[in-house]
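One structure is given below, encoded as structure tokens.
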Amino acid sequence: MAVTLYDHEASICSQMARVTLHEKGVAFDRRRIDIGVAANEQFAPWYVALNPRAVVPTLKHDDAVVTDTLRICAYVDRTFEGPALCPADPDGRDRNAGWMRDIMAPHYGVLLYGPLVDEDGRCGTIDARHHYLETMLEQAPEQGELLRARLAGNERFTAILKDPTQRQGFVDACRRLVVAMDDALANRAFLVDDSFRIADAFAMAAVARFESHGYAHWWEQGALPRLAAYYERVQQRPSWTAAGVLSKDLNYDG
């Protein structure tokens with residue numbers, strides 16, 4: 001059995017997938033995809049053949065290729081032996097799926113790039129990405145559909161970054177998410193029930209991302225005590241270290 005995860009160490013989705021694999025007890029190899037603006041390896045033809053959306057992560061299991069973080073983590077849980085990361089009961093499954101969707105919903109890029117905009121509302125990294133995509137569109141017209149879609153997405157993101165009200169709206173949505181997590185932990189050890197689930201793999205990476213961007217005050221010093229205690233507990237799990245979850249010194253230009 002050959003299992004390979006194509007990922008980037010600082011990608012939040014890659015971290016979610018790595019935690020899930022480690023919690024399931026799956027032995028896997030990693031192939032780093034350099035998604036920084038200087039390399040843009042995710043647009044290499046060989047990788048686009050694996051993942052037509054040119055994003056990370058991608059999971060390859062023997063001849064099966066799985067893309068999209070939600071699908072990857074669900075595939076890992078149902079395919080491999082190990083602890084059940086999704087409840088057996090319908091209500092539990094629904095809660096797990098709901099948390100996975102809710103945690104994936106925020107625009108984490110706003111947290112990363114929002115503080116980097118200049119007085120004109122521009123971000124050099126995003127502008128560099130746009131220039132790269134325009135150049136690629138000229139040089140690789142066979143990837144036109146993908147590149148035009150990414151250019152359009154880049155333009156939408158640039159518009160968000162230029163609007164302080166929109167940027168704050170996304171930050172506020174993340175704040176509401178951690179409050180909802182704290183509420184969910186009132187009567188259970190983890191988000192879904194008293195066992196670690198995929199939703200918790202997602203939450204580990206998300207809360208770590210919030211900490212990396214300076215929002216730990218949302219739950220520290222008694223602000224959200226249940227979430228604070230939960231976050232301390234999950235950091236003690238072997239998967240935290242093994243998966244390389246990043247909560248500080250985030251170095252990511254992609």
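Figures for the structure shown
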{"item": "The chain: calculated mean residue ellipticity at 222 nm from DSSP helix runs of at least 4, using -39500 (n - 2.57)", "result": "-17000 deg cm²/dmol"}
{"item": "GluC sites (Glu not before Pro) lying in DSSP loop within region 172-254, provided at most 15 other Cβ fall within 10 Å", "result": "Glu220"}
{"item": "Sum of side-chain charges, Thr67 neighbourhood, beta-carbon under 15 Å (Lys, Arg +1; Asp, Glu -1)", "result": "+1"}
{"item": "Using a Förster distance of 25 Å, the FRET efficiency for Leu116-Leu151 (Cβ separation, nearest 0.05)", "result": "0.80"}
{"item": "Under the Karplus curve 6.51 cos²θ - 1.76 cosθ + 1.60, θ = phi - 60°, whole-Hz ³J(HN,Hα) for region 235-247, x wherever Gly or Pro sits", "result": "5, 8, 6, x, 5, 4, 6, 4, 7, x, 5, 9, 10"}
{"item": "Under 14 Å, Cβ to Cβ, from Thr4 - net charge with Lys/Arg +1 and Asp/Glu -1", "result": "+1"}
{"item": "Spacing of the two label points (7 Å from each Cα toward its C-beta) at Arg101 and Glu220, in nm", "result": "3.4 nm"}
{"item": "DSSP loop trypsin sites (Lys or Arg not before Pro) with at most 16 other Cβ within 10 Å: longest gap in the chain", "result": "54-121"}
{"item": "From phi via Karplus (6.51, -1.76, 1.60), per-residue ³J(HN,Hα) for region 65-72 in Hz, x at Gly/Pro", "result": "10, 10, 10, 6, 4, 4, 6, 4"}
{"item": "Under Karplus coefficients 6.51, -1.76 and 1.60, residue-wise ³J(HN,Hα) of region 121-130 in Hz, glycine/proline x", "result": "x, 9, 10, x, 5, 5, 5, 5, 4, 4"}
{"item": "Span from the region 113-150 Cα centroid across to the region 34-103 one, whole angstrom", "result": "25 Å"}
{"item": "Formal net charge of residues neighbouring Arg122 (Cβ-Cβ distance under 14 Å; K, R +1; D, E -1)", "result": "-3"}
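Computed from the coordinates by the stated procedures, all read-outs in this text should not be read as laboratory data. Remember, predicted model here, so these are calculated numbers, not experimental data. All Cβ positions, even for glycine, are placed from backbone atoms using ideal geometry, and neighbour counts span all protein chains on display.
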